[in-house]
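Take a look at the structure set out below.
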Amino acid sequence: MQQALFGGGCFWCTEAVFLQLKGVDKVISGYAGGRTQQPSYEDICTGETQHAEVIRIDFDEAQISFAQLLDVFFATHDPTTLNRQGNDVGTQYRSVIYYFNAEQQQQAQHAIEALQADGLQIVTELSPAPVFYPAEDYHQNFFARNPSQGYCNFAIPPKLMKLRSKFQDLLKPD
């Protein structure tokens with residue numbers, strides 16, 4: 001298994017997207033990139049810890065590549081808006097790719113450069129993977145456990161529709 005560490009706004013949204021992909025074994029919502037050890041959700045919501053809401057993805061490279069995960073990442077959030085995804089505003093919602101090795105760094109840099117060549121102003125941070133802190137249990141698999149929650153109903157279905165329309169070949173079988 002390989003790992004990827006992405007922040008693309010609310011981790012409930014990104015988790016729901018990446019759990020749909022074949023080759024993805026596990027997605028854990030959490031926090032990374034800040035200066036406080038063992039932060040809580042309440043801590044990071046202040047924006048003062050500098051953590052981002054992130055997901056750690058455990059994936060099988062034989063079934064899905066890091067480059068394919070990057071394609072999904074960039075297609076299912078807005079990498080052009082600094083510290084904001086929709087109504088979620090603050091440094092904790094920044095677009096970020098934390099890489100675990102030189103190959104991931106190179107692939108992520110190439111993906112960013114390709115989008116910039118298409119005229120997009122990409123603000124996605126690209127940094128070495130810092131310490132990852134899993135979020136509280138109630139955040140894990142949140143959308144599947146809370147499908148009628150208001151925020152989930154508003155923010156997640158459009159992302160899943162985009163995923164299904166653009167990446168049908170990467171989806172787990174029903």
Is it the case that segment 69-83 has a residue that's more than 14 Å from the chain's Cα centre (by Cα) and among the charged types (D, E, K, R)? no
Please specify each residue of segment 119-174 satisfying the condition of being among the acidic types (Asp, Glu) and in contact with a Ser or Thr (Cβ under 8 Å, 6 or more places away or on another chain). Glu125, Glu136
When the residues of segment 108-126 are filtered to those that are surrounded by 15 or more Cβ atoms within 10 Å (Cβ to Cβ) and among the small types (Gly, Ala, Ser), which remaining residue is nearest to Ile57 (Cα to Cα)? Ala108
List the number of the failed condition for Ser165; all other conditions in (1) under 15 Å from the mean Cα position of the chain (by Cα); (2) small (Gly, Ala, Ser); (3) assigned to a helix (DSSP H, G or I) hold. (1)
Out of segment 35-61, which residues are more than 16 Å from the chain's Cα centre (by Cα), surrounded by 15 or more Cβ atoms within 10 Å (Cβ to Cβ) and either of a type in the set (Gly, Ala, Ser) or within 20 Å of Gln106 (Cβ to Cβ) (or both)? Gly47
Please tell me if Gln20 is touching a Leu at 6+ places or on another chain (Cβ under 6 Å), surrounded by fewer than 24 Cβ atoms within 10 Å (Cβ to Cβ) and within 26 Å of Ala144 (Cα to Cα). yes
List every residue pair whose Cβ atoms sit under 8 Å apart, with the two residues 6 or more apart in sequence or on different chains, where the first one lies in segment 27-50 and is over 21 Å from Arg84 (Cβ atoms) and the second, anywhere, is aliphatic (A, V, I, L, M) and assigned to a loop (DSSP other than H, G, I, E, B). Val27/Leu19; Ile28/Ala135; Gln37/Val131
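Conditions (1) among the acidic types (Asp, Glu); (2) surrounded by fewer than 17 Cβ atoms within 10 Å (Cβ to Cβ); (3) part of a helix (DSSP H, G or I), marked per residue:
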position: Tyr138; (1), (2), (3): no, yes, yes
position: Phe143; (1), (2), (3): no, no, yes
position: Asn153; (1), (2), (3): no, yes, yes
position: Asp169; (1), (2), (3): yes, yes, yes
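Conditions tested, residue by residue: (1) surrounded by fewer than 21 Cβ atoms within 10 Å (Cβ to Cβ); (2) in contact with a strand residue (DSSP E or B) (Cβ under 6 Å, 6 or more places away or on another chain).
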{"position": "Gln63", "(1), (2)": "yes, no"}
{"position": "Arg84", "(1), (2)": "yes, no"}
{"position": "Tyr98", "(1), (2)": "no, yes"}
{"position": "Asn101", "(1), (2)": "yes, no"}
{"position": "Gln105", "(1), (2)": "yes, yes"}
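Any read-out appearing in this document is the output of simple, stated calculations on the displayed coordinates, not a laboratory observation. Small disclaimer: the values here were computed from a predicted structure and weren't measured. Please note: Cβ atoms are built from the backbone with ideal geometry, for glycine as well, and neighbour counts cover all protein chains shown.
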